[in-house]
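A.B. asks: Dropping a structure here in structure tokens format, bear with me for questions.
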2 protein chains.
Amino acid sequence: MHPRLAEKLMTAEEAAELIVDGDVIGASGFTLSGYPKAVAPFIAAKARRLHANGEPFSIALYTGASTGDEMDGELTRANALSHRIPYQSHPDLRNAINTGAVEFSDLHLSHVAQYVRSGFLKKPTVALVDAVDVTPEGHIYLSTSGGSTATYLMMADKIIIELNAYMGEGFKGFHDIFIPKPPPMRERIPIYKVDDRIGMPYVAVPPEKIAAIVQTNAPDGTRPLKDPADIDLTIAGHLVEFIKHERAQGRLPEGLPFQSGVGNVANAVLGTMAKDPTLGSVCLYTEVIQDSVFDLIDYDKLIFASGTALTLSIPGQERVKREMDMFKTKVLLRQQEISNHPEIIRRLGTVAMNTALEFDIFGNVNSTHVLGSHMMNGIGGSADFTRNAYLPIFMSPSVAKGGAISSVVPMVSHADHSEHSTKIFVTEQGLADVRGMAPVNRARHIIDRCAHPDYKPLLKEYLEYGLKHAPSKHTPQVLRRAFEFHLRYEQTGSMLPK
Amino acid sequence: MHPRLAEKLMTAEEAAELIVDGDVIGASGFTLSGYPKAVAPFIAAKARRLHANGEPFSIALYTGASTGDEMDGELTRANALSHRIPYQSHPDLRNAINTGAVEFSDLHLSHVAQYVRSGFLKKPTVALVDAVDVTPEGHIYLSTSGGSTATYLMMADKIIIELNAYMGEGFKGFHDIFIPKPPPMRERIPIYKVDDRIGMPYVAVPPEKIAAIVQTNAPDGTRPLKDPADIDLTIAGHLVEFIKHERAQGRLPEGLPFQSGVGNVANAVLGTMAKDPTLGSVCLYTEVIQDSVFDLIDYDKLIFASGTALTLSIPGQERVKREMDMFKTKVLLRQQEISNHPEIIRRLGTVAMNTALEFDIFGNVNSTHVLGSHMMNGIGGSADFTRNAYLPIFMSPSVAKGGAISSVVPMVSHADHSEHSTKIFVTEQGLADVRGMAPVNRARHIIDRCAHPDYKPLLKEYLEYGLKHAPSKHTPQVLRRAFEFHLRYEQTGSMLPK
């Protein structure tokens, strides 16, 4: 190691001492990929120590998206977090947000870096970044996620690098780093195909800002991958049939890229697309690249995948290490403001496939709040993609908790995507294509095609009641009854009447 | 007139005979500007005649946005409309939508043309277009609005032109007509400054598609302009102070264009900006250009205004006729998919200022549905701009109907803009800047700064109740009580308790 870098080497515990009460940490990490794993537990330990002495210690944490237990878990349990931006999925942190212990700003992921640069959000004081290499000139090569890391590195006064040997230097070349200029002198973002490279393979920082380098060797703490459940495969089957039908009708040109949300259903959709011999090759302009990318590669169906995070199981991470050179010809990681950028999503004609927490008969979608109140994970990139997609699709099993919860409700308890922006809904029951329909027709379609049989009569009764008693027959919502499914669930533990 | 055109001349009554039951008319017109005024009343007469004979006659009508009484009013009263897309503001049509007589698809205005071209919406069979000139080669020069007219002209089999002498041929040159290619081969939209021209001044159609030319001479039937009320000027004052404060803080670079919604508040904001000697010149990248553009010109504060509609009072229209050449150096009209395009709005760093019907303490905005059910006008371009703006702002008087309705409510009865997308709220009471805040802080701020004093205690009590009893302290909504303001209004005619 170059002496100018070697002199910055320290232990994770020493690096944690650089963090002080009130710091705003801008960290790498996106859906549990590429997040720093070594220093955060020692920041948590420091917080515990100071709190035990009656001294204050809390920090704000900005990331790409969710991180693992070493960061979101440890810092939460140590009461070290005051404010968290813009997405999370850790059970302890989720709980702290919902008890009011941590303030959480749930932002569109494409907005975060711009808001930081423009001063709309407090400036990060420290950047804490998982990297595969760093040079004496200050070139930092990121690991398995892009996130908003380049902007945090640019804005922070102090940089702590976790130099992670797990992927190692061989990973150099996966990233394309591009930060748009501020308006009004902003130029186009010259991506016209999913594999276009427009920036640098590293983030360049003034080397004197690098305050610490901590050597680590750890894979991403992603959750183990489950085999797709029958219900996921059924949803995927409806969706792939629909895509083929739209192609046959000439309404979905070949070559449009797909965005696929996070989770089991999304993984099953890409797996089904890989295995369907009558569906051609696909390209992805997406946010998170999951293990299903291997299905696409193995069936020789992947043209190219652009994303901001490579969120793979441990066997998936091992495979990337083994097949690094092949993988680099097929996959590219961008900063999240580019992977999720409205300009590119709209230009490329992206087909957006995201999971809904619940949707209502008129087509409004809830992605974030259980019972209108309890935060799940955050909106993530779902609106970045939905709002600018060529064709936006929402998917969900029709019921949850063994049938006690219907995903199709009279009125969503929180609306993250309005009915103006939604077009296609899929559950294991079927697919509703509501393009061009007025609200009442949308409702009839969504009930018929997507609702679970146990809930269909209730939803139909609500719609017919509204057509008689609502203030208007355009969107016949009856506010007095709109949340009766949710209230019944709160009272009895089931949305179904006894 | 060239003989190839002269042979297509006919009366409005004759042209109306070309429309048959089941036609889908794609018409010009946007917020009562540039809509066809002569033929529609005869289509309505034909519908009445056929209905009297027991024969069916109904059509679908796609436009840019709202049209005047000659079109939306006449066709509605004759029961001639089956389906209306994408926006309206006529009292008779609004009533027909809310009684269920007309199906209304309320779409983001930037989406309409693409949906028509991609086959997501039924193909227009007839284009009916107000124009200032047409050539034998099929070059059609549009009048006072762009709308989605170029796409309707391209897609329809049959074209009816209302050749309107009111603005006349002198109006040629105001339009910049550009239709993006379909994806995946789509290129950038090369607008980098509000006055960049990227297309043609006319729409080119195969001349054989022109089925009729009807000569007319009529101004746009816009509503008379009111002097701004004190409350509008107070809102405008808060907003302009905020803009100056943000400039001073370095958070709002000089030169960012403004988008200003439709109506009196928006008009007052631009008027106030014009008259404030300490605020520099402004440029507009907007949808509708209203009479306030004259204030900006008269105070020498207008750099340039790009929009899709020139919605002026009759005196305003007369002034444009008198000062056509000056006006052409200051104003440009685009197709609405370009004026409202996410790529351009985001690139330019547009500051979006729109009016809310109501907003809730957590920052969700209702732009469309009264009591969650009754359609007002439609979402228009408000989400096109809000979602992609550098800084999105919503404005509203804090109360309506003499205080019986609070614009600030516990939960919006319909959410068109989610709290993820909103940042700044302004009423005559004050301005709430909720950037970076978690929901509870947002609520405290919005109540303190924006709510009317009569409603503040009620809103505070709701928030504190939620912090005790809601499922979560993150967004402490209590579904059982969330619509109590609206339900009280339905029952008693006021959101205030007796």
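Any read-out appearing in this document is the output of simple, stated calculations on the displayed coordinates, not a laboratory observation. This one's a predicted model, so the numbers in the text were calculated from it and none came from an experiment. With ideal geometry, Cβ positions are generated from the backbone for all residues, glycine too; neighbour counts draw on all protein chains shown.
A.B. asks: Gap in Å between the Cα centre of segment A:372-393 and the Cα centre of segment A:225-296?
C.D. replies: 18
A.B. asks: What nm distance separates the two modelled labels at B:Ala52 and A:Tyr465, each placed 7 Å from Cα along Cα→Cβ?
C.D. replies: For the pair B:Ala52/A:Tyr465, the computed spacing is 4.5 nm.
A.B. asks: So what's the projected area for the protein assembly as shown, the Cα convex hull averaged over all directions, in nm²?
C.D. replies: Answer in nm², one decimal: 39.2.
A.B. asks: While we're here: Determine, at each q value in 0.14, 0.16, 0.18, 0.25 (inverse angstroms), the log₁₀ of I(q)/I(0) that the Debye formula gives when each Cα of segment B:1-41 is one equal point scatterer.
C.D. replies: Log-scaled intensity ratios, in q order: -0.44, -0.56, -0.69, -1.00.
A.B. asks: Let me have the 222 nm mean residue ellipticity of chain A computed from DSSP H runs of 4+ only, each contributing -39500 (n - 2.57), with the sum over all residues rounded to the nearest 500.
C.D. replies: Computed ellipticity for chain A at 222 nm equals -8500 deg cm²/dmol.
A.B. asks: Compute the signed sum of charges (Lys and Arg +1, Asp and Glu -1) over the other residues within less than 15 Å, Cβ to Cβ, of A:Ala47.
C.D. replies: Result for the local shell: -4.
A.B. asks: Follow-up question, since we're still on this one. Which residues make up the longest stretch of chain B clear of GluC sites (Glu not before Pro) that lie in a DSSP loop with no more than 14 other Cβ atoms within 10 Å, not counting the sites?
C.D. replies: Within chain B, the longest run free of exposed GluC sites (Glu not before Pro) spans B:324-498.
A.B. asks: Still on this structure, please answer the following. Taking the 0 to 90 degree range and rounding to the nearest ten, how far is the long axis of helix A:439-450 tilted relative to the main principal axis of chain A, both from C-alpha atoms?
C.D. replies: With rounding to tens, the tilt is 80 degrees.
A.B. asks: When Lys and Arg each count +1 and Asp and Glu each count -1, what net charge do the other residues less than 12 Å away from A:Ile393, Cβ to Cβ, add up to?
C.D. replies: Computed value for this residue: 0.
A.B. asks: How are the C-alpha pair distances of segment A:219-357 spread across 5 Å bins, as whole percents from the shortest bin up?
C.D. replies: Using 5 Å bins, I get a P(r) of 2, 10, 19, 24, 22, 14, 7, 1, 0, 0 for segment A:219-357.
A.B. asks: How high is the relative contact order of chain A, in percent, with contacts defined as C-alpha pairs under 8 Å that are six or more residues apart?
C.D. replies: Worked out over chain A, it gives 13 percent.
A.B. asks: Treating only the Cβ of Lys, Arg, Asp and Glu as charged (+1, +1, -1, -1), what charge dipole size does chain B show about its Cα centre? Round to the nearest 20 debye.
C.D. replies: 1320
A.B. asks: Quick check: convex hull over the Cα atoms of chain B, volume per residue in Å³, rounded to an integer?
C.D. replies: That works out to 150 Å³ per residue.
A.B. asks: Just to confirm the numbers: A:Glu208, label point 7 angstrom along the Cα-Cβ line, distances to the other copies in nm, shortest first?
C.D. replies: 7.5
A.B. asks: At 7 Å along Cα-to-Cβ for each site, give me the label-to-label distance between B:Glu187 and A:Ala165 in nm.
C.D. replies: 5.2
A.B. asks: What is the sum of charges around A:Met324, taking Lys and Arg as +1, Asp and Glu as -1, for the other residues whose C-beta is under 13 Å from the C-beta of A:Met324?
C.D. replies: +2
A.B. asks: Given label points at 7 Å from Cα along Cα→Cβ, what nm distances, shortest first, separate B:Gly263 from the same residue in every other copy?
C.D. replies: 3.5
A.B. asks: Could you calculate the FRET efficiency of B:Thr278 with B:Met200 from 1/(1 + (r/R0)^6), where r is the beta carbon distance between them and R0 is 30 Å, rounded to 0.05?
C.D. replies: 0.15
A.B. asks: Hey, if you drop one equal point scatterer on each alpha-carbon of segment A:385-436 and run the Debye formula without solvent, what base-10 log of I(q)/I(0) do you get at q = 0.18, 0.26 Å⁻¹?
C.D. replies: Values, matching the q order: -0.65, -1.17.
A.B. asks: Find the Rg to Rh ratio for segment A:248-296, where Rh is the Kirkwood radius over alpha-carbon pairs and Rg uses the same atoms.
C.D. replies: Computed over Cα atoms, the ratio is 0.96.
A.B. asks: While we're on this one: Any idea what the relative contact order of segment A:101-202 is, in percent, if you count C-alpha pairs under 8 Å spaced at least 6 apart?
C.D. replies: About 26 percent, as a whole number.
A.B. asks: What dipole magnitude, in Debye to the nearest 20, does the protein assembly as shown give about its Cα centre under +1 on Lys/Arg Cβ and -1 on Asp/Glu Cβ?
C.D. replies: 540
A.B. asks: Going down the table (B:Lys123/B:Lys193; A:Lys181/B:Lys275; A:Lys46/A:Lys321; B:Lys123/B:Lys181), which pairs top 23 Å between alpha carbons?
C.D. replies: B:Lys123/B:Lys193; A:Lys181/B:Lys275; A:Lys46/A:Lys321
A.B. asks: Is there a simple number for the mean count of other chain Cβ atoms within 10 Å of the Cβ of residues in B:438-451, and what is it?
C.D. replies: Partner-chain Cβ atoms within 10 Å, mean over residues of B:438-451: 2.
A.B. asks: For a test of the definition: using alpha carbon positions, the gyration tensor, and the 1.5 limit on a/c, classify segment A:3-216 as rounded, prolate or oblate.
C.D. replies: Since a/c reaches 1.5 but b/c is at least a/b, the shape of segment A:3-216 is classed as oblate.
A.B. asks: Another question, if that's okay. Using DSSP, restrict attention to beta bridges with both residues in the protein assembly as shown and report what percent are antiparallel, rounded to the nearest 5.
C.D. replies: 30
A.B. asks: Shifting gears a bit: What shape does segment B:230-492 take by its C-alpha gyration tensor, where a ≥ b ≥ c are the square roots of the eigenvalues and a/c under 1.5 counts as rounded, a/b above b/c as prolate, and the rest as oblate?
C.D. replies: The shape class here is prolate.
A.B. asks: Still on this model: In nm to one decimal, list the spacings between the B:His469 label point and its equivalents in the other copies, with label points set 7 Å along Cα to Cβ, shortest first.
C.D. replies: When each copy's label point is compared with this one, the spacings are 2.2 nm.
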